[in-house]
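What follows is one structure encoded as structure tokens, with my remarks underneath.
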Ligand SMILES: [Ca+2]
């Protein structure tokens, strides 16, 4: 069973910040959903930008929706989708550092991939965003392209002889020639751009929520979406991605953690503790200097990991720990 509804609620007064429980309000004349929604709203200072707390859970399902605040009432336009009730075991994995490598600390790393012996890296920040080709062993940037100062670079992936670089809030996927790093095309999309990976058939894109979007690798059109669930809760803040077979590895924004996601079901089946990298990273004491950037090496089945402004990069193996 699933369904889509339009509901309205009253919730007053709303705090500037925090979680507000809400229930259907009988004063609303369009309150026709027989079950009624219950959930929690995350508010922030900007009352125009009320959001559902990441697809609130309700009776074994997930609510997707938008909130509009008008005339003292909250309007929720949303859909409810069931989530399989089966218990999923999330394995705890560790990581083993195989090599410690240099990394240019000016790089506010947002996307990373390995191809033909080189790393390709996307860096962010307005006025400082770039696309780079990097020698993994020396950390030397062998090719570099500065982005337009109005673009904030995000996730990066390769499809054939093209590189595709997301932008954070500009709604543009920039397409480059792999050899020359010249811009050849741009696709438009809605919402924010965070991470990107290619599984050989489709691109997968994150936007900081618990949703992964599957897109056409040629015209970037949206194909489908999957909600990522870690046990019974949406796993949000998915950042840079690496596609590996049936799985997508995602590092979690502002956590020392990488999750392995079954791309078909959206379920997290492994949670990898990346805390040991912190002490080795040499990162500055900047709260934004967090773990980000994951690239898979299919030959060794090892991963490259780094962080924003980290002077080091790591080649690691993920190791299931004994239970
Ligand atoms: Ca990546």
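Bear in mind these aren't lab numbers, they're just calculated from the coordinates by the rules spelled out. On a predicted model such as this, the values are computed, not experimentally measured, just so you know. With ideal geometry, Cβ positions are generated from the backbone for all residues, glycine too; neighbour counts draw on all protein chains shown.
Some notes on this structure:
One line per residue, one yes/no per condition, for (1) out of contact with any strand residue (DSSP E or B) (no Cβ under 9 Å at 6 or more places or on another chain); (2) farther than 24 Å from residue 314 by Cα; (3) in contact (Cβ under 8 Å) with a residue 60 or more places away in the chain; (4) surrounded by 13 or more Cβ atoms within 10 Å (Cβ to Cβ):
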{"site": "131", "(1), (2), (3), (4)": "no, no, no, yes"}
{"site": "136", "(1), (2), (3), (4)": "no, no, yes, yes"}
{"site": "142", "(1), (2), (3), (4)": "no, no, no, no"}
{"site": "156", "(1), (2), (3), (4)": "no, no, no, yes"}
{"site": "173", "(1), (2), (3), (4)": "no, yes, no, yes"}
{"site": "177", "(1), (2), (3), (4)": "no, yes, no, yes"}
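- Residue match in segment 119-126 (condition: assigned to a loop (DSSP other than H, G, I, E, B) and within 16 Å of the ligand (Cβ to nearest atom)): yes
- Complete set of residues in segment 271-307 that are within 14 Å of the ligand (Cβ to nearest atom) and closer than 14 Å to residue 251 by Cα: 291, 292, 293, 294, 295, 296, 303, 304, 305, 306, 307
- Checking each residue in segment 264-282 for being buried (at least 21 other Cβ atoms within 10 Å of the Cβ) and in a loop (DSSP other than H, G, I, E, B) picks out 266, 274.
- Test: residue in segment 232-241 that is over 13 Å from the mean Cα position of the chain (by Cα), over 17 Å from residue 296 (Cβ atoms) and more than 16 Å from the ligand (Cβ to nearest atom): yes
For every residue, the table says whether it meets (1) more than 21 Å from residue 315 (Cβ to Cβ); (2) without any contact (Cβ under 8 Å) to a residue 12 or more places away in the chain; (3) within 16 Å of the ligand (Cβ to nearest atom).
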residue: 197; (1), (2), (3): no, no, yes
residue: 202; (1), (2), (3): yes, no, yes
residue: 251; (1), (2), (3): no, no, yes
residue: 259; (1), (2), (3): no, no, yes
residue: 269; (1), (2), (3): yes, no, no
